[in-house]
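Quick notes on the structure that follows.
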């Protein structure tokens, strides 16, 4: 791990670290990244392994959303062009024993700020992702069941689940709306027993940005709440997200950004393959395939709670108290 610490040794939170309950999902976790290390109350860590050799973590005080500091995460070019199965990451993880059971719902909050230059290429960039634990007997590479992504300089969110037979295919030459109101655009990947749905975008998104979503599904439902995701260049973006996987059709996701309700997603969310673990987990930070530039993001105000009112900065907006 490449680390630089620029703040004095101060506590990041005045609250005491919560005791580990029988169910970690009931704990309230927080970290404002105001010290020179992770706060005990947040139970986060930087995973220092070979996948993160391109990453740099810095606790710094020059750029922050609140408090006295924020986390600076960067990745530099490391993978060779065209190198397969190589990624560049600087991701922060939840500690294993504090992960939430896969069949339970929990609220997450965090703020992110993009640094210029914002990547604008047709490429794979992730800023946050939610996954299911993968056991040693699992076969395959499982995508995050929820991810906040960047492509062509535009922000969007996707939901992944096991493959469900398609309703129909898009007809690109048809000027009519490709999917009906009760269907969701999806990228079918039957060869991996997965499919990826496009569930939210920023207001700069165009049809050409989502060319891989060539199908429609009624296994995932979206309620559009009348707001788009903020643009990456808009400054600090404060997310509040409810995560409850349900590959059997019981899944439920809520996405808020800057106190605006973006979407509700229900239905088939997540994976149920043999060998997968019993918990979901969240990680955030820049993650991409091989690239040729340095990519930097700032993060602040991490929180996790079973209650929306602990996470959404305007509790009056909470759909579930």
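No value in this document is a laboratory result; all are computed from the given coordinates. A quick note: this is a predicted structure, and the numbers were derived from the prediction, not measured. Quick reminder, even Gly has a Cβ in these numbers, built from the backbone with ideal geometry, and neighbours come from all protein chains shown.
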Debye log10 I(q)/I(0) at q = 0.17, 0.27 Å⁻¹ for segment 197-273, Cα point scatterers: -0.74, -1.27
Cα-based convex hull, segment 146-262, per residue volume (Å³, whole number): 109 Å³
Centroid-to-centroid separation of segment 189-246 and segment 83-125 [C-alpha atoms, Å]: 15 Å
Listed residues 26, 280, 80, most fluctuating in the chain (Gaussian network, C-alpha, under 10 Å): 80
Selected from 164, 186, 106 as most flexible by GNM, with the chain as the system and alpha-carbon contacts under 10 Å: 164
Gaussian network model of the chain, springs between alpha carbon atoms under 10 Å - residue of 201, 184, 292 with greatest fluctuation: 292
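Between residue 122 and residue 22, what FRET efficiency follows from the Cβ-Cβ distance if R0 is 45 Å, with the result rounded to 0.05? Show your work: numbers first, answer last.
On the way: r = 47 Å, r/R0 = 1.04.
Step by step, r from the Cβ atoms, then E = 0.45.
Give me the mean projected area, in nm² to one decimal, of the convex hull enclosing the Cα positions of the chain.
Numbers: hull surface 65.7 nm².
Mean orientational projected area (the chain, Cα hull): 16.4 nm².
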